[in-house]
Each structure stands twice: as structure tokens, then as C-alpha cells.
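Enquirer: Supplied in C-alpha cells, the structure appears directly below.
The values are calculated or read from the model by the stated rules, or taken from the named source; none is laboratory data. What you see is a predicted model; the values in this text were computed from it and never measured. Glycine gets a Cβ as well: all are built from the backbone with ideal geometry, and neighbour counts include every protein chain shown.
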Amino acid sequence: MHATTGPIDTSVMPTIHTFFRREIRLAGGVVRRVADGDVRRAGVVADHLDFVARSLHEHHTGEDELLWPKLLERVPEELAPIVRLMEAQHGQVDALLSEIGDVRVRWAATAAPADRDRLADLFDQLYVHLAEHLDAEEERLLPIAARAVTQAEWAELGERGRARTRRSELSLALGMFQYEGDPAVIAQMLAEAPAPVRWIVPRLSRRAFRRRALAIHGTATP
């Protein structure tokens, strides 16, 4: 059994989604700008794309493991109309991420134009499918989740995400959320940390994002 006192706050999810929408929308253009045979630059871009793809995969895996089973158990009738849609969308995204991984590794090693072009096209396709999926998730799934799980259960998703993020990438990940995310949500994510941590971490995260954005997009405001 579970007990809730009313709809919980799920606003962290759209804030995280801003990261995926932005970086995947921009990925194709970033890849296409790498010159034929420029292995050094291809490696830099490929490392960034690996970070983005891993983050997305872990995000979806967390939902699959911690959110879907609870919703299917507690509100199967409400969930039924969107189960097949969400499953199909996850399948499309996962298939594209798998092919992206294979092409990315080859391209990073050789910077071959054929692999570059294929990788860019795959990211363009991924953005189309992912944007549709995230929109549907925010419009149709989050309102159900807000009524069907407790705040503590919802917090498990964030805890899992932090635990699965490489320590060296924690500041960057927060910076990715922070750049276009709701400041109130970022403050909420850090609310339980000691005051010195709440002060320094957002500054370190902004710095990490700025460095990465300049390296990948050529601007601190992509």
C-alpha cells in the first residue's frame, strides 16, 4: 500500500528534460561541423555525445525500474491508454541510441565523413522521437504519477540518477539542468544539502557547463 496527501511535485522532470531536448537538438549540427579526418575534434565531440547518451539511457532506465512498475500496479486502468505509446517510444529511442553508440565509436577513431554524416542524421532522428516522447510524458504521464506515488518514492528516481552518474560528471550534469531549468527546481534539488554546499555547488555547476558549452558549441549560451 501507499499513502499520499495530495499530488506530489514532479517539476524536476521537465527541468531535466530541457537538458535532453537542447543537447540532442544541437548534436547533429555539432557533428556536421567536424572536418573530415579531424580525429582530435571528433574525439572531443564524441565524448560529449557519450555523456549525453548515457545520461538519457540512465534516465529512462530509472523510470523503467522505479516508476513504471508502481504505476502499472496502482493505476492500471489510467495507464492502459498510454502504456503502448510509451513502450513504443522507449523502443524507438533505445534502438537509435544503440546505433548511435556503434557509429560514434567508429567516428571518434577515424573522423570518417560517412560516419560523421550518419551520426548526425541519427541524432536528428533521435531528437524527433525524443521530443515527441518527452512531450507525451509531461502531458500524460506526470499528472498520473503525481497522484499515484509518494514524494519519497519520487525522490528515489533522483537518488538513483545521482548514484549512476560518474562522480567526475556530477557538476556538469547539474549545470546541464541549471542552464535552462527552473531556478526553483534547482534550489529544490539542493534543498537538503548544507548551506555551504547549496552556495558553492551551483557556482561550480555553472562553471562546468560554461566550459563544456564553449568546447562543444563555441558559445557559453548555446
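Enquirer: I'd like the full set of residues that are of a type in the set (Lys, Arg), closer than 11 Å to ARG116 by Cα and in contact (Cβ under 8 Å) with a residue 24 or more places away in the chain, limited to segment 26-43.
Expert: Residues of segment 26-43 of a type in the set (Lys, Arg): 32-33, 40-41.
Keeping just the survivors that are closer than 11 Å to ARG116 by Cα gives 32-33.
Listed by number, the list holds a single entry, ARG32.
Enquirer: If I filter segment 78-135 down to residues being farther than 16 Å from HIS60 by Cβ and among the polar types (S, T, N, Q), which single residue comes out as nearest to the chain's Cα centre (by Cα)?
Expert: Once the filter is applied, the top-ranked residue is GLN125.
Enquirer: Turning to a different aspect of this structure: Tell me which helices (runs of 4 or more DSSP H) are completely within segment 34-153 and hold 3 or more residues being crowded, with 16+ Cβ neighbours inside 10 Å and not charged (D, E, K, R), or say none if there are none. Spell out the reasoning first.
Expert: Working: elements: 39-62, 68-74, 76-110, 113-136, 142-148.
Result: 39-62, 76-110, 113-136, 142-148.
Enquirer: Residues to consider are GLU99, GLU73; find the one that is of a type in the set (Asp, Glu) and either under 21 Å from LEU126 (Cβ atoms) or in contact with a helix residue (DSSP H, G or I) (Cβ under 8 Å, 6 or more places away or on another chain) (or both). Give the derivation first.
Expert: Details: GLU73 fails: either under 21 Å from LEU126 (Cβ atoms) or in contact with a helix residue (DSSP H, G or I) (Cβ under 8 Å, 6 or more places away or on another chain) (or both).
Step by step, each of GLU99, GLU73 is checked, and only GLU99 is of a type in the set (Asp, Glu) and either under 21 Å from LEU126 (Cβ atoms) or in contact with a helix residue (DSSP H, G or I) (Cβ under 8 Å, 6 or more places away or on another chain) (or both).
Enquirer: Kindly evaluate GLY29 against the criterion of being of a type in the set (Gly, Ala, Ser) and loosely packed, with under 15 Cβ neighbours inside 10 Å. Steps first, answer last, please.
Expert: Working: of a type in the set (Gly, Ala, Ser): yes; loosely packed, with under 15 Cβ neighbours inside 10 Å: yes.
Spelling it out, GLY29 is indeed of a type in the set (Gly, Ala, Ser) and loosely packed, with under 15 Cβ neighbours inside 10 Å.
Listed here are the residues, each with its yes/no results for (1) in contact with a helix residue (DSSP H, G or I) (Cβ under 7 Å, 6 or more places away or on another chain); (2) of a type outside the set (S, T, N, Q).
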| position | (1), (2) |
| --- | --- |
| ARG41 | no, yes |
| VAL44 | yes, yes |
| LEU49 | yes, yes |
| THR61 | no, no |
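Enquirer: Of (1) in contact with a Lys or Arg (Cβ under 9 Å, 6 or more places away or on another chain); (2) within 28 Å of ALA42 (Cβ to Cβ); (3) small (Gly, Ala, Ser); (4) part of a helix (DSSP H, G or I), ALA213 satisfies all except one. Which?
Expert: Tallying (1) in contact with a Lys or Arg (Cβ under 9 Å, 6 or more places away or on another chain); (2) within 28 Å of ALA42 (Cβ to Cβ); (3) small (Gly, Ala, Ser); (4) part of a helix (DSSP H, G or I), ALA213 fails exactly one: (1).
Enquirer: Enumerate the pairs (first residue in segment 68-84 and under 17 Å from LEU157 (Cα atoms); second residue anywhere and modelled with pLDDT of 90 or more and not in a helix (DSSP H, G or I)) with beta-carbon separation below 9 Å, excluding pairs fewer than 6 apart on the same chain, so at least 6 apart or on different chains.
Expert: LYS70/VAL149; LEU71/VAL149
Enquirer: Keeping to segment 113-143, report how many residues are under 23 Å from MET13 (Cα atoms) and small (Gly, Ala, Ser). Step through it out loud before you land on a result.
Expert: Initially, segment 113-143 is screened for residues under 23 Å from MET13 (Cα atoms), giving 123-143.
If we keep only those that are small (Gly, Ala, Ser) as well, we get 131, 136.
Going through segment 113-143 one residue at a time, the tally reaches 2.
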